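First comes the structure, then the notes that go with it.
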Amino acid sequence: MRSIEMGNIEIHALADGRIRLPTTFFPGLDVGRHPEVVAPDGTVHVPTGAYLVRGGGRTILVDAGLGPREIGFAEGVQPDDGDMGAGGGLPLALSEAGVRPADVDTLLLTHLHPDHVGWIAPHGVPYFPNAEVLYGEADWAELVETAGRHDWTRIGLEAVRATGKLRPLRGDVEIAPGLTARHAPGHTPGHYVLDIVSEGRRAVLLGDVLHTPAQLADSGISSSTDTDPSLAHFTRQRWLREVEGTETVIAPAHFPGMRFFRVSADRVAEPVSAVSAG
């Protein structure tokens, strides 16, 4: 478990699993320029998981991992034997952080891609029974209505909606004192980030605004799952300009190790202590 303190708020990175992405997932990626991105099996390994935010009597989870399942490679892109992705570790990570599923009062989904919603309601049963689930309203038509009725994401979201605890977000919304969900579209229409400010310190949980550290200095790298690549690029550069050369800590969902970073003025990721961001 990787954790930082921001004033009176604790943020914990909770691992659920990992996904192996073909390099073609990243249009514009020049492996020769960024060999560090590629694992020995020829794929890009990225973690999946969630961020636990505690403070002021609130227990908030940002994203919900891939869930208790495996996903396979598309035909023709499998590098070797084995799965493309697997989840299932989030319950243990929560337990190690001293949190029960019933303790979570708010679940903010940065967006509705499968690797961010896996534990909302596995097999149609809400996993966080007391949590209000927040999501970007614009993602529903794009990612849920178009999915089949047996789709994992659709089943989970509709199970939560049936309990009356599903809440769509429009624009920027303060979800707790010092915690603002800010609309950051492009990767998906309803993509959000969580902006955290406490006692003069700031952290931003960026979801999939960034996918790999190589994107910090190389603006030509994108994601094949960006709904609107031009808008995703604009949003990525907007957030980088906002945080570069500052004391703001960032945590993109899929950076190696789900670690916390600051971005230097020349856009280099500088790891932050696991004890304190101060």
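Once the stretch 124-138 is narrowed to residues that are in contact (Cβ under 8 Å) with a residue 40 or more places away in the chain and touching a Leu at 6+ places or on another chain (Cβ under 7 Å), the residue that is surrounded by the fewest Cβ atoms within 10 Å (Cβ to Cβ) is E137. Where strands (runs of 3 or more DSSP E) sit wholly within the stretch 196-274, those with at least 1 residues that are closer than 16 Å to Y51 by Cα and open to solvent by less than 50 Å² (accessible area, probe 1.4 Å) occupy 201-207, 249-252, 261-263. The requirement of being open to solvent by 40 Å² or more (accessible area, probe 1.4 Å) and of a type in the set (V, I, T) is not satisfied by V117. For the stretch 160-169, the criterion of being of a type in the set (S, T, Y), assigned to a loop (DSSP other than H, G, I, E, B), under 28 Å from R54 (Cα atoms) and open to solvent by 50 Å² or more (accessible area, probe 1.4 Å) is satisfied by at least one residue.
Restricting to the stretch 180-189, give me the number of residues that are open to solvent by 10 Å² or more (accessible area, probe 1.4 Å) and part of a strand (DSSP E or B). Result for the stretch 180-189: 3. Scanning the stretch 139-155 for residues that are in contact (Cβ under 8 Å) with a residue 60 or more places away in the chain and over 19 Å from P189 (Cα atoms) turns up just one, W152. Go through the residues of the stretch 15-36 one by one and say whether even a single one is out of contact with any Ser or Thr (no Cβ under 7 Å at 6 or more places or on another chain), touching a residue at least 12 places away in the same chain (Cβ under 8 Å), under 22 Å from L205 (Cβ atoms) and not hydroxyl-bearing (S, T, Y). Within the stretch 15-36 (the criterion being out of contact with any Ser or Thr (no Cβ under 7 Å at 6 or more places or on another chain), touching a residue at least 12 places away in the same chain (Cβ under 8 Å), under 22 Å from L205 (Cβ atoms) and not hydroxyl-bearing (S, T, Y)), the answer is yes, since at least one residue qualifies. Restricted to the stretch 148-157, and to residues there that are touching a Gly at 6+ places or on another chain (Cβ under 8 Å) and not basic (K, R), the residue that is least open to solvent (accessible area, probe 1.4 Å) is G156. In the stretch 88-107, the qualifying residues are those that are part of a helix (DSSP H, G or I) and touching a strand residue (DSSP E or B) at 6+ places or on another chain (Cβ under 7 Å), and the one that is surrounded by the fewest Cβ atoms within 10 Å (Cβ to Cβ) is D103. The one condition from (1) in contact with a Lys or Arg (Cβ under 6 Å, 6 or more places away or on another chain); (2) part of a loop (DSSP other than H, G, I, E, B); (3) not aromatic (F, W, Y) that H111 does not meet is (1).
The values are calculated or read from the model by the stated rules, or taken from the named source; none is laboratory data. Just so it is clear, the structure is predicted and the values come from calculations on it, not from any experiment. Quick reminder, even Gly has a Cβ in these numbers, built from the backbone with ideal geometry, and neighbours come from all protein chains shown. Ligands, DNA and RNA are excluded from the accessible area calculation, which covers all protein heavy atoms including side chains. Shrake-Rupley method; radii C 1.70, N 1.55, O 1.52, S 1.80 Å.
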